[in-house]
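J.: Before we start, here is the structure in question, set down as structure tokens.
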Amino acid sequence: MQINTRDAAAGVIFIVIAGLFALGTQELTIGSALRMGPGYFPLVLAGVLGFIGFVTLFKAVGKAQSPMTGVPWRGLILILGAPVVFGLTLRGLGLAAATALVVAISAYASRRATFVMAASLTVGLTIFCVVVFSYGLGLPVQRIGPWLTF
Amino acid sequence: MEILQNLGLGLATAAEPVNLLFCFIGVLLGTLIGVLPGIGPTATIAMLLPITFGFEPATSLIMLSGIYYGAQYGGSTTAILINLPGESSSAVTAIDGYQMAKQGRAGPALATAALGSFFAGSVATVLIALFAPPLTEVALKFGPAEYFSLLMLGLVASVALAHGSVIKALGMIVIGLLLGLIGSDVNTGAQRFTMGFLELADGVNFVAVAVGVFGIAEILRNLEDESDREVMVKKVTGLFPSKEDFKAAWAPVVRGTALGSILGILPGGGAVLSSFAAYTVEKRISKTPERFGKGAIEGVAAPEAANNAGAQTSFIPMLTLGIPANPVMALMIGAMIIQGIQPGPNVAVEKPELFWGVIASMWIGNLMLVLLNLPLIGLWVRLLTVPYTVLFPAILAFCCIGVYSVNSNAFDLYAVAAFGLLGYVLVKLECEPAPLLLGFVLGPMLEENLRRAMTISRGDPTVFFTRPLSAGLLIVAVLVLVVVFLPSVRKKRDEVFQEE
């Protein structure tokens, strides 16, 4: 028996998300159709999503496998990490250094990154962003944060 | 003539120096990202949304809409010259446009695309001016039951007109609706699904969702394949179409404009669907269908007119009803909310200068685009030599700064990463992210109207069927759903999208 993993995975994800939201409504008042509590509509939606998930899963069975492209693991980790690093360091390091970090990290997400290119990109984009966002648009963030001033 | 008065007010607003400047910046940026593959109008508008916070509401909407229709012009340039559509709405243009370019007729192809788009844009502007006021009148009479039914219709239609699996698109809508409910419940103040995070009390940040699901996921998808972009461009000579070209192109332009205008209004419609449908129609009614795919000028004229018309008329439901027809319109609604404007029929009544200013600016913007595109084509093409390795760190940096500046909140950046991952996984599983974003915006509205309608009817759910307007809307929604699942229609639908 063949099964289309892609559709099956989508179905499972739908069911899991539906389950999580249904669990979340446990602590909420459900109410009645007349006086709907905060949990009423989400619970209905979770039910619908769960149903859709099962249909998707059911339809995946017997459907031919579809080709899947590879996952760029290095890119995935670096690209998802960059905003997190930015969030963690912006207040401490200030706009300039945090932007430089984001650019440097993301530049290496490409398999073709070279040091010279990453470095020049970092310098160029950091200057550009600070000029445009801080001086130009008045973004209320310190340019040089407290971690870097002594 | 009230409409002339209104358009006059709109032109006066749009012609203010500051609005002219930002209209220009908008269409310039739009052309730029239209030319560059790998970044679309949705991600760009999401990134720039926070920056417009400090602008006047009209200025901000004028610039953001300029990005959207500007991208339609830019996308066709690269589709014709190097067979690389910058935007998905230009994918069909590449079929015949590139063939024309290979035959040394790139100039006429580009001019046809630009002039056809301009014609379509002008007609669509007038259509918006004509149809927006009566629709607003109707919408002002809507009660909660009608609004609920209208939203249901919108959601269902957006699935029907999207491409890919219908059932998965339905799932994406429901996920979007659920995500939209996260935060404090408006009626009781109860915290829903916040998992104890105070930052989620006002709901998940809309910009973070849009940037994550569209921007980040898009970058990741592009990183999968880093093969070289071959950029070989011949010099474009002889820009102007011949008399024969004009003769062959005018009727397809008119048909494309008509088709695009209609499809643009429908939820889930807009530029992409319009261009595909226009190409299919031209091929079907042509006396010489075998010329298509080998450089038929009709194959450039019709879809280009259609995508621009569709891009613009999709503003009608957004401006009059506060209901987005596609993700870009969802972002426009987000822009209004950031500005403290409640989207819906009241916008036209309470803020006529904003409403008409945006409409009038579209015509001015289209004029700018023709002037920008035709003489400067060489410059735009040279942009393509910018490698993606340089581009995406810039996109990411702008995303981060942009998202942070909405609430000055680091939590939103973690949300970007989380939604980027979710978006990428879903794209990998061939689930379209657009319905999710629509659901996210509409979720709170849907719930609010459902609750109000049920309270008014004292818990009687038949209210949605006994009020004629509401019943009509729901019947249409059910019909759409039934039709989409009919096997014969499904086949046709797949045919329309297969040429991608």
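J.: Can you confirm whether A:Gly31 is under 24 Å from B:Gly423 (Cα atoms) and outside the structural domain of A:Val123 (by TED's automatic domain parsing)?
T.: Taking the combined requirement at face value, the residue does not satisfy it.
J.: For the range B:426-486, please list each of the helices (runs of 4 or more DSSP H) lying entirely inside it that holds at least 1 residues being within 24 Å of the chain's Cα centre (by Cα) and modelled with pLDDT under 90.
T.: The qualifying helices (runs of 4 or more DSSP H) are B:434-456, B:468-485.
J.: Now, a different point. If you check B:Ala217 against the conditions, is it surrounded by 21 or more Cβ atoms within 10 Å (Cβ to Cβ) and more than 9 Å from chain A (Cβ to nearest Cβ)?
T.: Answer is yes for this residue.
J.: Which of the residues spanning the range A:50-72 are among the polar types (S, T, N, Q) and outside any loop (DSSP other than H, G, I, E, B)?
T.: A:Thr56
For (1) touching a strand residue (DSSP E or B) at 6+ places or on another chain (Cβ under 6 Å); (2) under 26 Å from B:Leu127 (Cα atoms); (3) part of a helix (DSSP H, G or I); (4) modelled with pLDDT of 90 or more, each residue gets a yes or a no:
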position	(1), (2), (3), (4)
B:Gln5	no, yes, yes, no
B:Leu20	no, yes, yes, yes
B:Ile25	no, yes, yes, yes
B:Leu28	no, yes, yes, yes
B:Gly34	no, yes, yes, no
B:Leu48	no, no, yes, no
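J.: I'd like the residue in the range A:60-73 that is of a type outside the set (A, V, I, L, M, F, W, C) and more than 7 Å from chain B (Cβ to nearest Cβ) and, out of all such residues, is farthest from A:Tyr108 (Cα to Cα).
T.: Narrowing the range A:60-73 to residues of a type outside the set (A, V, I, L, M, F, W, C): A:62-63, A:65-67, A:69-70, A:72.
So of that shortlist, the ones also more than 7 Å from chain B (Cβ to nearest Cβ) come out as A:62-63, A:65-67.
Numbers: A:Gly62: 41, A:Lys63: 39, A:Gln65: 33, A:Ser66: 31, A:Pro67: 28 Å.
Across the range A:60-73, the extreme among qualifying residues is A:Gly62.
J.: Which of (1) buried (at least 16 other Cβ atoms within 10 Å of the Cβ); (2) over 25 Å from B:Tyr388 (Cβ atoms); (3) in the same structural domain as A:Thr114 (by TED's automatic domain parsing) is the odd one out, the single condition A:Gly92 does not satisfy?
T.: (1)
J.: Given the options B:Ala79, B:Ala71, B:Ala94, name the one that is farther than 24 Å from B:Ser122 by Cβ and assigned to a helix (DSSP H, G or I).
T.: None of the other options fit; the residue is B:Ala94.
J.: Give the residue that is modelled with the lowest pLDDT, with candidates limited to residues of the range A:127-137 that are within 8 Å of chain B (Cβ to nearest Cβ) and surrounded by 18 or more Cβ atoms within 10 Å (Cβ to Cβ).
T.: The selected residue is A:Phe133.
J.: Could you list all residues from the range A:131-146 that are of a type in the set (Phe, Trp, Tyr) and either in a loop (DSSP other than H, G, I, E, B) or closer than 14 Å to B:Phe53 by Cβ (or both)?
T.: If the condition is that a residue be of a type in the set (Phe, Trp, Tyr) and either in a loop (DSSP other than H, G, I, E, B) or closer than 14 Å to B:Phe53 by Cβ (or both), then A:Phe133 is the only one that fits.
J.: Taking the options B:Phe465, B:Phe411, B:Phe392, B:Phe398, name whichever one is in contact with a helix residue (DSSP H, G or I) (Cβ under 6 Å, 6 or more places away or on another chain), at negative phi and more than 8 Å from every other protein chain (Cβ to nearest Cβ).
T.: Result of the check over B:Phe465, B:Phe411, B:Phe392, B:Phe398: B:Phe465.
J.: So in the range A:7-57, with the set limited to residues that are surrounded by fewer than 18 Cβ atoms within 10 Å (Cβ to Cβ) and touching a residue at least 40 places away in the same chain (Cβ under 8 Å), which one is nearest to B:Phe193 (Cα to Cα)?
T.: Of everything passing the filter in the range A:7-57, A:Val12 is nearest to B:Phe193 (Cα to Cα).
J.: Being modelled with pLDDT under 95, facing another protein chain (nearest Cβ under 7 Å) and within 24 Å of B:Phe214 (Cβ to Cβ) narrows it down to one of A:Leu49, A:Leu28, A:Leu76, so name that one.
T.: None of the other options fit; the residue is A:Leu76.
J.: Still on this structure: Among the residues of the range A:106-126 satisfying the criterion of being in a loop (DSSP other than H, G, I, E, B) and at the interface with chain B (Cβ under 8 Å from one of its Cβ atoms), which is farthest from A:Val71 (Cα to Cα)?
T.: A:Ala113
J.: Given the residues B:Ala325, B:Ala296, B:Ala305, which is the only one that is modelled with pLDDT of 85 or more and within 20 Å of the chain's Cα centre (by Cα)? Step through it out loud before you land on a result.
T.: Values: B:Ala325 fails: modelled with pLDDT of 85 or more; B:Ala296 fails: within 20 Å of the chain's Cα centre (by Cα).
Every option except B:Ala305 fails the conditions.
J.: May I ask you to list the residues in the range B:67-114 that are of a type in the set (Asp, Glu) and either in contact with a His (Cβ under 6 Å, 6 or more places away or on another chain) or closer than 15 Å to B:Asn308 by Cβ (or both)?
T.: B:Glu87
The values are calculated or read from the model by the stated rules, or taken from the named source; none is laboratory data. Just so it is clear, the structure is predicted and the values come from calculations on it, not from any experiment. Every residue, glycine as well, gets a Cβ built from its backbone with ideal geometry; the counts of neighbours run over all protein chains shown.
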